[in-house]
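One structure is given here, and the rest of the page talks about it.
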Amino acid sequence: MEHTLRVLVRIDTKTSSACLEVRGCLVPENCPDLLEILRHTATLGAHVVINLTKARHLAATALDDLMLQADRIPSLPLDGGHTTVSVQLPARLPVCPPPRVQAQAPGVPLGNVQAFELAFLHRDTAVLSPFIPRR
Ligand SMILES: [Zn+2]
């Protein structure tokens with residue numbers, strides 16, 4: 001499966017701050033790309049926020065690497081302080097959808113793994129509707 005990193009960079013010159021908003025997948029294969037964007041943005045002398053709350057997929061190993069490397073970004077002197085890097089995290093790590101779960105024949109219940117993936121990982125509430133008793 002292809003994991004595509006999408007990053008929106010916002011720079012606020014008034015507050016000398018920048019936001020890297022990750023919307024795609026952050027996995028070990030593309031984490032160096034995000035780190036390169038972070039290094040470039042930090043050279044502008046901005047306080048950088050990495051917003052991961054809207055990411056589609058966050059791999060724990062990539063996140064570990066990001067946190068480690070973010071601490072190593074050189075701190076540049078600014079008026080009244082130094083550049084900082086902070087990371088905004090979602091409550092839990094999202095995963096991008098696997099290939100679509102096979103459509104179930106009507107009346108055939110989902111397996112536990114399929115139901116868990118759809119309901120909790122993909123938040124597909126439609127998975128619950130066939131099981132609501134109808135009167
Ligand atoms: Zn992904």
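For SER17 and GLN69, the FRET efficiency from 1/(1 + (r/R0)^6), where r spans their Cβ atoms and R0 equals 22 Å, is about 0.65.
In a shell of Cβ-Cβ distance under 10 Å around ALA59, excluding ALA59 itself, what net charge do Lys and Arg (+1) and Asp and Glu (-1) give? Intermediate results must be reported in sequence, preceding the final value.
On the way: positive: none; negative: GLU29, ASP64, ASP65.
That works out to -3.
Spin-label point model (7 Å from Cα, Cβ direction): what's the LEU44 to LEU76 distance in nm? Reported label-point gap for LEU44 and LEU76 is 1.0 nm. Note on the stretch 1-68: percent of Cα-Cα distances in each 5 Å bin, starting at 0 and stopping at the bin with the largest distance, equals 4, 18, 30, 25, 14, 7, 2, 0, 0. Of all DSSP beta bridges confined to the stretch 1-102, the antiparallel ones make up roughly 40%.
Could you work out what % of the accessible surface of the stretch 13-82 is carbon and sulfur, using a 1.4 angstrom probe and leaving DNA, RNA and ligands out of the count?
Numbers: 2020 of 3690 Å².
Carbon with sulfur: 55 percent of the solvent-accessible area.
Taking R0 as 30 Å, what FRET efficiency do you get between ALA115 and THR61 from their Cβ-Cβ distance, rounded to the nearest 0.05?
Details: r = 27 Å, r/R0 = 0.91.
Given R0 = 30 Å and the Cβ-Cβ separation, E is 0.65.
Site pair SER86 and VAL108 shows an inter-label distance of 5.1 nm when each label is modelled 7 Å from Cα along Cα→Cβ.
The values are calculated or read from the model by the stated rules, or taken from the named source; none is laboratory data. These numbers were taken from a predicted model, which means no experiment stands behind them. Note that we place each Cβ from the backbone using ideal geometry, even for glycine, and neighbour counts take in every protein chain shown. Heads up: the accessible areas ignore ligands, DNA and RNA and are worked out on the full protein's heavy atoms, side chains in. Shrake-Rupley method; radii C 1.70, N 1.55, O 1.52, S 1.80 Å.
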